Amino acid sequence: MTETKAKGSDGAPILEVVDTTHRFGEVVALDNVSVTARRGEFLTLLGESGSGKTTLLRIVAGLERPTLVGRISIDGDDVTHTPANKRNCTTVFQHYALFPHMSVGQNIEYGLRLRGESKGARRKSAERALDMVRLTGLYDRRVHQLSGGQRQRVALARAIVTEPAILLLDEPLGALDEKLRVDMQVELKDLHERLGITFIYVTHSQEEALTMSDRIILMQRGEIIQEGPPTDLFDRPVNQFVADFMGVENLLEGTLEAVSEGLARVRIGEHFLTGIWSGAEVSAEGSPVCLAVRAERVRLSNTGGDGQDDGINRLPCSSGVTIYKGKYVDRTLDTDIGQIKARIWDRDADLVDLASLWWRQDECAVTQMAAGGG
Amino acid sequence: MAHSDFTANKADRPFLVSRPPLLRRFSESWSSSASAGIGYLVLGIIYFPILWLMILSISGEPLTGFPGEWTLRWYENMFFGSGQREGEAYGGDFNILDPLLLSILLAVITSVACMLASLAVGSVLPRISLRGPFLMTFLMPLMVPGIVAGMSIFLFFRIGLHFKMGLWSLVLAHFIWAFPFALLAMMVVASRFDQRLLEAASDLGASKLERFWQVEIPILKPGIFAAGFFGFLLSFNELPFSIFMRAGEITLPLYLWIQSGAHNTSIPLIFALSTLITIASIFLTFIAIRVGFSEKK
């Protein structure tokens, strides 16, 4: 660990993946992707299945040999042609991959056993790792006696006990039920802070990505679409795909009228609406764009009206379907540019005799249409 | 008794509610006792002759077909050989020691060969794309009658290549015979082996050799053991191949076959010998199951 810290002082990235392409036969899983990670960062690779996120993780681990690669380095060491067992990183697999013929303790110690550590030292480290994942006292259990959540923790303990430079997590919470998943998110984040190891986390869940990450890389069809801190992806999607993936309920398609001082004016049907421009580069006037506004930003009013005043977008509307969700109410409202969803948290703000809806211009984003129309 | 009685007026005649019609009760009990009967009959056909043979092996006059006059004489004669004692109807020149040792030697060699070969094939087959056709090809010899396979191997080596038959050809024949069974036993375990465990081992720092010894072999162990067990048992009991490939060597089953076909006086010893072989086989199977398939606690 002391060596790691010494290396870290020059501020070099702990992971560098340069110009990596991977094909499975005709299918391009990764298309000339480059990624770097800072020391101690919690980096999330987010995307749908088939986006190439798991392939990228496996290439970092050394379990997949990329078709074309510029360079891969971990903690300053060039590992481009190093096999998986010689790389200073470990993986927590989605399917756990615990050895069924070993006890919990033997599973956790396996990496240390390969590194030639003595039995006593191994046991000590394993017990400490078990404490860390809150499985104290389960050293002698057989793997088949454990629940799904416990197996997941053993896999985690097995991966961190060797103190790797990078911990790779491949959808580790995918097989757990909702409640456990939420608990584990908090624990993983906590563990990351305590260990100070770089985490690279693969998931298809935008909610997991937002909760835990320092930085998110959103991938689609083997390419990186957007990367940045969670707030960037959440509030400033670079295109319609990102907005949709990050769960923006209202995506209104229109044409760009003008952009000035970061604000974009969009014509949608007979209406003009304004939002913060969040596309990568500013599109030409008249090009198709997308206005993205979250349902919780949309508010209701019983006074009519139209247009923009005081930094507000306002549309006349009439009431549609209401769905009761317990904590909040989802209302679908009919406007003459289509349906808009509003999420009402406060009962008192819900109106029966509504005439218009509105949202603040700086609480919505105007962005490019998705590449390739997807 | 009509079905409608079931629903009509339960309160008045409650006993009708719980009882199905007489005819159906009868046919159900008849069909279940019939199938039970057939089951017992089959068990009887399988086990009775074996039990009968065991009983006769400790009888004084086994060739009469009736037990009685209990004695261990045949066992004694079998091992300590004999010579015909005065006043005895049977006995004669009977020496099972050489055939027994040869058969055990053959069985051990075949067993080890089956373990190694089925481990090699079984650990690779699940990883390749053409595993189905390959497995079928490996298992095809199961469908060739032993006598045909034995003869064709004999003709190929003896007449075709002018090799001299001997111990090696017996080993080869027994391996050819036993390997498909051994592989089948191995595949039961190997096909369930999670290849991703090997990735996990590499990821934790294991070389190919380390993950083979520390992950693959321990998990495939029951399959390896089963393969060895089948190799041993099938070789030990093999007859048709041995007839062709023996070149003067005599295995235990061959010896039994020759003796039981001959009109001499040592036939009663066969009862004793068969009993011993049966008990030994059962014992071996029991041990194999205990050692190989028991879940470690």
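What is the one condition in (1) in a helix (DSSP H, G or I); (2) among the hydrophobic types (A, V, I, L, M, F, W, C); (3) more than 28 Å from A:Leu15 (Cα to Cα) that A:Ala155 does not satisfy?
(3)
Listed residues A:Leu273, A:Leu180, A:Leu167; which is modelled with pLDDT under 90 and surrounded by 19 or more Cβ atoms within 10 Å (Cβ to Cβ)?
After ruling out the rest, the residue left standing is A:Leu273.
Within region A:251-259, can one find any residue that is closer than 24 Å to A:Asp330 by Cα, without any contact (Cβ under 8 Å) to a residue 60 or more places away in the chain and either under 30 Å from the mean Cα position of the chain (by Cα) or not assigned by TED's automatic domain parsing to the domain that holds A:Ile312 (or both)?
Keep residues of region A:251-259 that are closer than 24 Å to A:Asp330 by Cα, which gives A:251-253.
Checking which are without any contact (Cβ under 8 Å) to a residue 60 or more places away in the chain leaves us with A:251.
Now restrict to residues that are either under 30 Å from the mean Cα position of the chain (by Cα) or not assigned by TED's automatic domain parsing to the domain that holds A:Ile312 (or both): A:251.
Yes, the conditions are met somewhere in region A:251-259.
With region B:151-225 as the region, which helices (runs of 4 or more DSSP H) entirely inside it contain at least 2 residues that are touching a residue at least 12 places away in the same chain (Cβ under 8 Å)? Outline the logic, then answer.
Details: elements: B:167-190, B:196-203, B:208-211.
The helices (runs of 4 or more DSSP H) meeting that bar are B:167-190, B:196-203.
From the list A:Phe241, A:Phe245, A:Phe199, which one is over 14 Å from A:Ala365 (Cβ atoms) and surrounded by 21 or more Cβ atoms within 10 Å (Cβ to Cβ)? Walk me through how you get there before you give the answer.
Details: A:Phe241 fails: over 14 Å from A:Ala365 (Cβ atoms); A:Phe245 fails: over 14 Å from A:Ala365 (Cβ atoms).
None of the others qualify; the one that does is A:Phe199.
Of the residues in region B:140-150, how many are part of a helix (DSSP H, G or I) and under 18 Å from the mean Cα position of the chain (by Cα)? Steps first, answer last, please.
So the first thing to find is which residues in region B:140-150 are part of a helix (DSSP H, G or I), and the list is B:140-143, B:146-150.
Keeping just the survivors that are under 18 Å from the mean Cα position of the chain (by Cα) gives B:141-143, B:146.
Total satisfying the criteria: 4.
Return the residues of region A:153-163 that are of a type outside the set (A, V, I, L, M) and either buried (at least 24 other Cβ atoms within 10 Å of the Cβ) or modelled with pLDDT under 90 (or both); say none if nothing qualifies.
Answer for region A:153-163, where residues must be of a type outside the set (A, V, I, L, M) and either buried (at least 24 other Cβ atoms within 10 Å of the Cβ) or modelled with pLDDT under 90 (or both): A:Arg153, A:Arg158.
Out of everything in region B:76-93 that is at pLDDT below 60 and in contact with a helix residue (DSSP H, G or I) (Cβ under 7 Å, 6 or more places away or on another chain), what residue ends up being farthest from B:Leu234 (Cα to Cα)?
Going through the qualifying residues, I end up with B:Tyr90.
Could you tell me whether B:Ser260 is away from chain A (no Cβ under 14 Å), surrounded by fewer than 19 Cβ atoms within 10 Å (Cβ to Cβ) and either touching a residue at least 12 places away in the same chain (Cβ under 8 Å) or among the β-branched types (Val, Ile, Thr) (or both)?
It is false that B:Ser260 is away from chain A (no Cβ under 14 Å), surrounded by fewer than 19 Cβ atoms within 10 Å (Cβ to Cβ) and either touching a residue at least 12 places away in the same chain (Cβ under 8 Å) or among the β-branched types (Val, Ile, Thr) (or both).
Is it fair to say B:Ala227 is at pLDDT 90 or above, buried (at least 23 other Cβ atoms within 10 Å of the Cβ) and within 22 Å of B:Val108 (Cα to Cα)?
Numbers: at pLDDT 90 or above: yes; buried (at least 23 other Cβ atoms within 10 Å of the Cβ): yes; within 22 Å of B:Val108 (Cα to Cα): yes.
Criteria met by B:Ala227.
Need the failing condition index for A:Glu193 against (1) touching a Leu at 6+ places or on another chain (Cβ under 7 Å); (2) surrounded by fewer than 16 Cβ atoms within 10 Å (Cβ to Cβ); (3) assigned to a helix (DSSP H, G or I), just the number.
For A:Glu193, the exception is condition (1).
Mind telling me which of the residues A:Leu333, A:Leu300, A:Leu315, A:Leu291 ends up being over 17 Å from A:Leu354 (Cβ atoms), touching a strand residue (DSSP E or B) at 6+ places or on another chain (Cβ under 7 Å) and in a strand (DSSP E or B)? Show your work before the answer.
Numbers: A:Leu333 fails: over 17 Å from A:Leu354 (Cβ atoms); A:Leu300 fails: over 17 Å from A:Leu354 (Cβ atoms); A:Leu315 fails: over 17 Å from A:Leu354 (Cβ atoms).
Residue meeting the stated conditions: A:Leu291.
Is there a residue being assigned by TED's automatic domain parsing to the domain that holds A:Leu191, modelled with pLDDT under 95, assigned to a loop (DSSP other than H, G, I, E, B) and not β-branched (Val, Ile, Thr) anywhere in region A:123-130? Don't jump to the end; show me each part of the working.
Residues of region A:123-130 assigned by TED's automatic domain parsing to the domain that holds A:Leu191: A:123-130.
Those still in the list that are modelled with pLDDT under 95 too: A:123-130.
Cutting the leftovers down to assigned to a loop (DSSP other than H, G, I, E, B) gives us none.
No: zero hits.
Which members of region A:82-107 meet the condition of being part of a loop (DSSP other than H, G, I, E, B) and of a type in the set (D, E, K, R)? Please lay out each step first, then the result.
Just the residues of region A:82-107 that are part of a loop (DSSP other than H, G, I, E, B), to begin with: A:82-83, A:87-88, A:93-102.
Answer for region A:82-107, where residues must be part of a loop (DSSP other than H, G, I, E, B) and of a type in the set (D, E, K, R): just A:Arg87.
Starting from region A:199-223, take each residue that is within 19 Å of A:Pro237 (Cβ to Cβ) and list its partners that are among the basic types (Lys, Arg), counting only C-beta distances under 6 angstrom and pairs at least six apart or across chains.
Listed pairs, sorted by first residue: A:Met219/A:Lys53.
So, A:Leu168, is that one in contact with an Asp or Glu (Cβ under 8 Å, 6 or more places away or on another chain) and under 23 Å from A:Ala37 (Cα atoms) or not? Give the derivation first.
Working: in contact with an Asp or Glu (Cβ under 8 Å, 6 or more places away or on another chain): no; under 23 Å from A:Ala37 (Cα atoms): yes.
So A:Leu168 does not fit the description; no.
Sort through B:Ile250, B:Ile277, B:Ile243, B:Ile282 and tell me the only one that's out of contact with any Leu (no Cβ under 8 Å at 6 or more places or on another chain) and modelled with pLDDT of 80 or more.
Answer to the selection: B:Ile282.
Hey, can you tell me all the residues within region A:51-88 that are surrounded by 20 or more Cβ atoms within 10 Å (Cβ to Cβ), within 19 Å of A:Glu163 (Cβ to Cβ) and at the interface with chain B (Cβ under 8 Å from one of its Cβ atoms)?
A:Ala61, A:Gly62, A:Ala84
For a quick check of your reading of the model, give me the residue pairs whose first member lies in region A:101-116 and is under 15 Å from B:Glu210 (Cβ atoms), whose second is of a type in the set (Ser, Thr, Tyr), with beta-carbon atoms closer than 8 Å and at least 6 apart or on different chains.
Close Cβ pairs satisfying both conditions: A:Met102/A:Tyr110; A:Glu109/A:Ser125; A:Gly111/A:Thr90; A:Gly111/A:Thr162; A:Leu112/A:Ser125; A:Leu112/A:Thr162; A:Arg115/A:Thr162.
On the given criteria, is B:Phe175 within 30 Å of A:Ala84 (Cβ to Cβ) and at pLDDT 85 or above?
No, not satisfied.
Of all residues being away from every other protein chain (no Cβ under 14 Å) and among the small types (Gly, Ala, Ser) in region A:25-50, which is nearest to A:Thr198 (Cα to Cα)? Just the residue, please.
Going residue by residue through region A:25-50, those that are away from every other protein chain (no Cβ under 14 Å) are A:26-50.
With the extra rule that they be among the small types (Gly, Ala, Ser), the set shrinks to A:29, A:34, A:37, A:40, A:47, A:49-50.
On the way: A:Ala29: 24, A:Ser34: 17, A:Ala37: 8, A:Gly40: 4, A:Gly47: 20, A:Ser49: 24, A:Gly50: 25 Å.
Taking the candidates together, the pick is A:Gly40.
Can you work out which of the residues in region B:185-224 that are more than 8 Å from chain A (Cβ to nearest Cβ) and in contact with a Phe, Trp or Tyr (Cβ under 6 Å, 6 or more places away or on another chain) is surrounded by the fewest Cβ atoms within 10 Å (Cβ to Cβ)?
B:Pro222
Being closer than 19 Å to A:Arg194 by Cα and within 14 Å of chain B (Cβ to nearest Cβ) is true for just one of A:Ala129, A:Ala97. Which residue is that?
Matching residue, one of A:Ala129, A:Ala97: A:Ala129.
The values are calculated or read from the model by the stated rules, or taken from the named source; none is laboratory data. Remember, predicted model here, so these are calculated numbers, not experimental data. Counting neighbours? That spans all protein chains shown, and the Cβs are built from the backbone with ideal geometry, glycine included.
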